[in-house]
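The values are calculated or read from the model by the stated rules, or taken from the named source; none is laboratory data. Here the structure is a predicted model, which means the values were calculated and not measured. Note: ideal-geometry Cβ built from the backbone for every residue, glycine included; neighbour counts use all protein chains shown. Only protein heavy atoms, including side chains, enter the accessible area calculation; ligands, DNA and RNA are left aside. Shrake-Rupley method; radii C 1.70, N 1.55, O 1.52, S 1.80 Å.
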Amino acid sequence: MIPLKNLNTRTTVPLVTFFLIGANVLVFLYQLTSGPHAAEQFIMTYGEVPRNLQLALSGGKVALSDALLPFFTSMFLHGGWLHIIGNMWFLWIFGPDVEEQLGHFWYLGFYLICGIGSGAAQAAFSWGSRVPAIGASGAISGVLGAYILFFPSSRILTLVPLFIIWFTARLPAWVFIALWFVVQFLSGVNSLGSAAAAAGGVAWWAHVGGFLLGILLALPKRPRRPNYYYAEG
């Protein structure tokens with residue numbers, strides 16, 4: 001399923017969401033223009049490599065600061081056009097409403113904490129891996145966790161592929177996000193111990209961890225009555 005439009009109405013300008021999208025795009029453009037070797041080295045340095053943290057904690061040759069910094073920087077790196085377009089599209093669909101609910105300052109902190117926490121979850125499930133984990137999807141998963149609490153019944157205009165037939169539907173946010181989470185969790189379980197996961201791929205556990213952390217952090221800000229009726233049409 002592909003979200004096409006968030007049908008909620010907003011009253012504020014999503015300044016932080018704009019900033020985050022801009023920061024991700026600028027870093028991606030830097031990756032594209034730095035040459036293949038430099039780009040690979042950039043990802044190995046600033047991507048989250050679980051093996052580096054393992055070495056740092058065991059007193060190896062990797063400094064703890066060098067192992068921890070990528071938990072922050074990795075959320076601004078992407079592996080290709082589809083990777084960044086998909087992530088930024090989800091951030092644009094769901095981020096502004098969460099930003100309005102939390103306020104600009106708290107939303108930025110929330111996003112960054114979810115990104116770091118999702119990286120920790122991925123590292124725990126891929127301990128010792130030499131494959132760098134990159135991308136904003138863990139932080140954005142946290143945004144989805146907050147969204148399902150704040151706006152459970154808002155409508156998401158969704159493109160639904162059904163074999164050779166594609167159609168659009170206005171799905172309640174809780175349905176869309178719940179189905180998304182089930183896919184992430186089952187894919188994560190399926191990846192455990194697999195050779196494909198060891199060689200790289202989607203960081204499923206970053207999605208799961210970011211989503212659950214997003215729910216946990218958003219609970220204190222949850223409205224007494226969830227926002228059911230802010231929808232167009």
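Some notes on this structure:
- In the stretch 115-156, the qualifying residues are those that are touching a Leu at 6+ places or on another chain (Cβ under 6 Å) and outside any helix (DSSP H, G or I), and the one that is most open to solvent (accessible area, probe 1.4 Å) is Arg155.
- Qualifying residue in the stretch 41-55 (condition: among the hydroxyl-bearing types (Ser, Thr, Tyr) and loosely packed, with under 13 Cβ neighbours inside 10 Å): no
- Which listed residue, of Gly95, Gly103, is at pLDDT 90 or above and in contact with a helix residue (DSSP H, G or I) (Cβ under 8 Å, 6 or more places away or on another chain): Gly95
- Residues that are among the aromatic types (Phe, Trp, Tyr) number at least 3 in the following helices (runs of 4 or more DSSP H) confined to the stretch 11-101: 15-33.
- Against the list (1) over 12 Å from the mean Cα position of the chain (by Cα); (2) touching a residue at least 40 places away in the same chain (Cβ under 8 Å); (3) open to solvent by less than 40 Å² (accessible area, probe 1.4 Å), the condition Ala169 fails is (2).
- Qualifying residue in the stretch 69-86 (condition: surrounded by fewer than 20 Cβ atoms within 10 Å (Cβ to Cβ) and in contact with a Ser or Thr (Cβ under 7 Å, 6 or more places away or on another chain)): no
- For Gly200: the one exception among (1) at pLDDT 90 or above; (2) over 24 Å from Asp97 (Cβ atoms): (1)
- Conditions (1) closer than 28 Å to Leu157 by Cα; (2) open to solvent by 70 Å² or more (accessible area, probe 1.4 Å); (3) without any contact (Cβ under 8 Å) to a residue 60 or more places away in the chain: number failed by His104: (3)
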